Amino acid sequence: ISTSSEPLETSIKKQLLPNIGDMEFIESMSLTEFVRRVSDQLKGGFLVLLIDQFEEFFDQPPTFRDLFEAEWKLCVSGSAPDVHWLFSIPSGSTYLLNLFKDKVSINPNLITLQPLEREEARQAMVGQAALRAIQIDQPVADTILDELSQLNNSVIDPTQLQLVCYMLTGGKGPLVQHWTMEHYLAQGRVDGILRGYLDQTIRGLDPVQREPAWQLLAELIDPEEKVANEAELIQTMKRMDVDEQSTRSI
């Protein structure tokens, strides 16, 4: 399940039951009861929920976050014992997992995705594309894998693969359902996508937020600053005359 602007429990329900909008009773059911009923149908199996881009959950309104946190705690307290949760976040954002520290020990539960071999990367790319009826021309797939493997001693960084595929799929724009060589070259190949993504993202911000965004990024990567959490980042940005609301928005 990809985290989006809608409540996370809504995204989970839609993924497990796409036509849930036609079932008012189930749609209004608590997440805990919903996933328990789903797992009960598996007859000895397990329901594993992989929540991708979980860092975007923290951009949601506090009411959305509080409701999901309460429901998740009910699930892991025994109300839905056969449901397993995996939360995917960038390696530099592991402090966000402190949300769960009352129920689980965080560090022993971290899973780091190792570099992918070429065939593993191909399966990840082609398999995900097939789920959305995206056609990838063979020369394009081969070129992407060639160029990514050249960056990392013949293995492929999963985060780089994810970013390249995301941009070729259209990013936040309309879905691109056929990756031709012409389309790939127009995006700047692997090197152009990886180098240009940050600039493109910053340009997508409100003009008054662009300079503070660069300042925020500089603080996060400065080894002398060692900003450990969101509260410290907010205070650091205030010293540069960037208010708390702007920092959170950026």
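The values are calculated or read from the model by the stated rules, or taken from the named source; none is laboratory data. Bear in mind that the values here come from a model prediction, so they are computed numbers and not experimental data. So basically every Cβ, Gly included, is an ideal-geometry build from the backbone, and we count neighbours across all protein chains shown. Ligands, DNA and RNA are excluded from the accessible area calculation, which covers all protein heavy atoms including side chains. Shrake-Rupley method; radii C 1.70, N 1.55, O 1.52, S 1.80 Å.
The figures follow:
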| read-out | value |
| --- | --- |
| Residue count for region 64-86, restricted to those that are out of contact with any Cys (no Cβ under 8 Å at 6 or more places or on another chain), open to solvent by less than 40 Å² (accessible area, probe 1.4 Å) and not in a helix (DSSP H, G or I) | 1 |
| Whichever residue in region 91-108 is in a loop (DSSP other than H, G, I, E, B) and open to solvent by less than 60 Å² (accessible area, probe 1.4 Å) and, among such residues, is nearest to A70 (Cα to Cα) | V104 |
| Residue in region 228-237 that is over 20 Å from the mean Cα position of the chain (by Cα), farther than 26 Å from C165 by Cβ and not in a helix (DSSP H, G or I) present | yes |
| Pair list, Cβ under 8 Å, 6 or more apart: region 114-127 residue under 16 Å from T169 (Cα atoms), other residue open to solvent by less than 50 Å² (accessible area, probe 1.4 Å) and among the β-branched types (V, I, T) | M125/I136; M125/I144; V126/I136 |
| Candidates R195, R203 - the one that is farther than 24 Å from G127 by Cα, touching a helix residue (DSSP H, G or I) at 6+ places or on another chain (Cβ under 8 Å) and exposed (fewer than 14 other Cβ atoms within 10 Å of the Cβ) | R203 |
| Counted residues, region 14-48 - those being in a helix (DSSP H, G or I) and more than 14 Å from W72 (Cα to Cα) | 14 |
| Selected residue (only one of E211, E219, E224 is exposed (fewer than 13 other Cβ atoms within 10 Å of the Cβ) and either part of a helix (DSSP H, G or I) or not hydroxyl-bearing (S, T, Y) (or both)) | E224 |
